[in-house]
1. Any residue in region 19-48 that is under 14 Å from Gly4 (Cα atoms) sitting within a Cβ distance under 6 Å of a residue that is hydroxyl-bearing (Ser, Thr, Tyr)? List the pairs, counting only those 6 or more apart or interchain.
2. Give me a count of the residues in region 2-17 that are in a helix (DSSP H, G or I) and either at pLDDT 95 or above or open to solvent by less than 90 Å² (accessible area, probe 1.4 Å) (or both).
3. So which pairs qualify, if the first residue must be in region 172-199 and touching a residue at least 12 places away in the same chain (Cβ under 8 Å) and on the phi > 0 side of the Ramachandran plot, the second must be open to solvent by 50 Å² or more (accessible area, probe 1.4 Å) and not in a helix (DSSP H, G or I), the Cβ gap must be under 6 Å, and the two must be at least 6 apart or on different chains?
4. Has region 57-76 got at least one residue that is modelled with pLDDT under 65, part of a helix (DSSP H, G or I) and either among the small types (Gly, Ala, Ser) or under 16 Å from Tyr137 (Cβ atoms) (or both)?
5. Among the numbered criteria (1) in contact with a Phe, Trp or Tyr (Cβ under 6 Å, 6 or more places away or on another chain); (2) touching a residue at least 24 places away in the same chain (Cβ under 8 Å); (3) within 29 Å of Met31 (Cα to Cα), which single criterion is violated by Ser127?
6. Examine region 177-199 for a residue that is at pLDDT below 85, over 25 Å from Leu110 (Cβ atoms) and of a type in the set (A, V, I, L, M), and state whether such a residue exists.
7. Looking at region 97-210, what helices (runs of 4 or more DSSP H) fall wholly within it and have at least 3 residues that are closer than 26 Å to Val43 by Cα and open to solvent by 30 Å² or more (accessible area, probe 1.4 Å)?
Amino acid sequence: WLLGTAQHRAGRFVDAVESLHKALVASADVMERAEIVRLTAVVHDSTWDSGGEISAAEQGLAELGCRLPSRRSHRAAFRLALIASLLRSTPGTGKADGWKREKYRLLSNLYRSLSMGYRREMEPRLSTLFSLREIQYGLKVGTSAETVRARARQAVLTRSSGRERWARAFTARALRGADQLGDQRLRAYVEWTDAMSTLDRGEDDGSRLR
């Protein structure tokens, strides 16, 4: 799957999907298969192929034993169950390690792909639910890009509900996390996400995005 990753970065998206598919067929390891499918979802995201991204993300969840219901009639029940689980859960402490930490990392990224895919499919409720799931697992990973992105998403969701003070606090924590990792691209992502959310709320003229 390293070849697929290199092809993706080079903009050879069709070749990347093909290479990742071959790697998936050759792999028997659950975690590796989930990672390969996650990378496939990222490639589809790069080409704005929402259907492909959603399909790949769902396959990745299935690899990890978290299969989503396939029938539309089951989606409503799933949404209710997901909301209930989020209400019962508490924020992650970031103390997971080993196999569990890697699983949480993968789950956070796969739910992120689902959220982004459904956002482009104009299904904001599903997008928000999966974004909450991304946050839930991202905060369990500990110091990582997943945790930083989770904080950035928390800022977006709280700002959209009118809690600007909370949004700024979450953004500040995300920026500190990016700085702790020494990742300037991740910091730029947090700043861009924050600027986009303020623009969407009509609280910015878009100058921060220029």
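The values are calculated or read from the model by the stated rules, or taken from the named source; none is laboratory data. As the structure is a prediction and not an experimental result, all values here were calculated from the model. Reconstructed Cβ throughout: ideal geometry from the backbone, glycine too, with neighbour counts over all protein chains shown. To get the accessible areas, we keep the full protein, side chains included, count just its heavy atoms, and leave off ligands, DNA and RNA. Shrake-Rupley method; radii C 1.70, N 1.55, O 1.52, S 1.80 Å.
1. Note: pairs meeting the criteria are Leu20/Thr40; Arg33/Ser27; Ala41/Ser113.
2. The first filter runs over region 2-17 and keeps only residues in a helix (DSSP H, G or I), leaving 2-9, 13-17.
Filter once more, so that each one left must be either at pLDDT 95 or above or open to solvent by less than 90 Å² (accessible area, probe 1.4 Å) (or both): 4-8, 13-17.
Of the residues in that region, 10 qualify.
3. So the pair list comes out empty.
4. yes
5. (2)
6. Yes, because at least one residue in region 177-199 is at pLDDT below 85, over 25 Å from Leu110 (Cβ atoms) and of a type in the set (A, V, I, L, M).
7. 98-120, 124-138, 145-160, 184-200
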